[in-house]
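Here is the structure we will look at, set down as structure tokens.
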Amino acid sequence: MGSSGKVIPGFHFTMGITFFYLSLIFLLPLVAFVFFASGMGWEKFIDKAFEYRIVHGYWMSFSCALAAAVINSFFGLLLAWILVRYDFPGKRIMDGLIDLPFALPTAVAGIALTTLYVETGWMGQFLYALGIPSAFSAVGITIALVFVGIPFVTRSVQPVLKDLEPEIEEAAAILGAGKWLTFRKVIFPELVAPLLTGFALAFARGIGEYGSVVFIAGNTPFETEIAPLLIMTELEQFDYQAAAAIAIVMLVLSFLILLSINGYQRYRIRKQGV
């Protein structure tokens, strides 16, 4: 049967509700950003949104989010592999703990991570001994973003890995392929798309993360200030236009990066389908 909008009963009605809902929760906040920032004028917008302190905040947010997403891509894939391919005592507990960052309040996570990674903390004392300042630095920010982002990668890869047909691996083994070659040529290509999805979700979460980062970052001007903190600072000073200007720049940069990731993902899917 050919595809048709009539497959879903009440297609036009449900489509209207969908557009209304998306407009309410997505387009309306964007319009509010533009409205508040429009009163500044173009020159004031540029001066405020791109002053050195703010630009450094962009760099800190995006670079730490990127580093955390890369780390999560590796360890998230590893966690998914272990949970799908092996049985061991405590497997269900480990599987449940992966979702803990979703349920744990971000402020609680930030306080806990700060306690662990300060110079006298359980983990921080070892890192500081190696010359790695794990708290109140970019390292601490990245650690917090790794914590909140790991579920996105694991949960994106896990169902795809679980649905892979074992016969494909068996056929590769019969043809003489070793385990590493089978993983590279047979398994991993199937995981690239969900891995990119998890990477994009973890990266997007990291860019806008505030609660779990603000405690461990230290918030030193020109060093460890993140862009969401600068937005909150402007809001506390009742400078809504400046906050909106920073938010618009972050929104545009995030959209362009995520659009590039999604475009590459669609390219790989089309390439595999050819």
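The values are calculated or read from the model by the stated rules, or taken from the named source; none is laboratory data. The structure presented is a predicted model; accordingly, all values stated were derived computationally and were not measured. Glycine also receives a Cβ, built like all others from the backbone with ideal geometry; neighbour counts cover every protein chain displayed.
Some notes on this structure:
- Scanning the stretch 94-112 for residues that are over 14 Å from residue 80 (Cα atoms) and in a helix (DSSP H, G or I) yields 100, 101, 102, 103, 106, 107, 108, 109, 110, 111, 112.
- Selected residue (criterion: nearest to residue 31 (Cα to Cα)) from residues of the stretch 223-265 that are of a type outside the set (S, T, N, Q) and out of contact with any helix residue (DSSP H, G or I) (no Cβ under 9 Å at 6 or more places or on another chain): 252
- Residue 254 meets the stated requirement of being within 27 Å of residue 52 (Cβ to Cβ), in the same structural domain as residue 47 (by TED's automatic domain parsing), in contact (Cβ under 8 Å) with a residue 24 or more places away in the chain and in a helix (DSSP H, G or I).
- Flag for residue 92 being surrounded by fewer than 13 Cβ atoms within 10 Å (Cβ to Cβ), in the same structural domain as residue 148 (by TED's automatic domain parsing) and free of Cβ contacts under 8 Å to residues at least 40 places away in the same chain: yes
- Within the stretch 170-230, helices (runs of 4 or more DSSP H) holding 1 or more residues that are buried (at least 22 other Cβ atoms within 10 Å of the Cβ) and within 24 Å of the chain's Cα centre (by Cα): 188-208, 211-217
- Candidate set: the stretch 130-175, residues that are of a type in the set (Ser, Thr, Tyr) and within 18 Å of residue 62 (Cβ to Cβ); chosen: the one modelled with the lowest pLDDT: 137
- Test: residue in the stretch 188-209 that is of a type in the set (Phe, Trp, Tyr) and either free of Cβ contacts under 8 Å to residues at least 60 places away in the same chain or at positive phi (or both): yes
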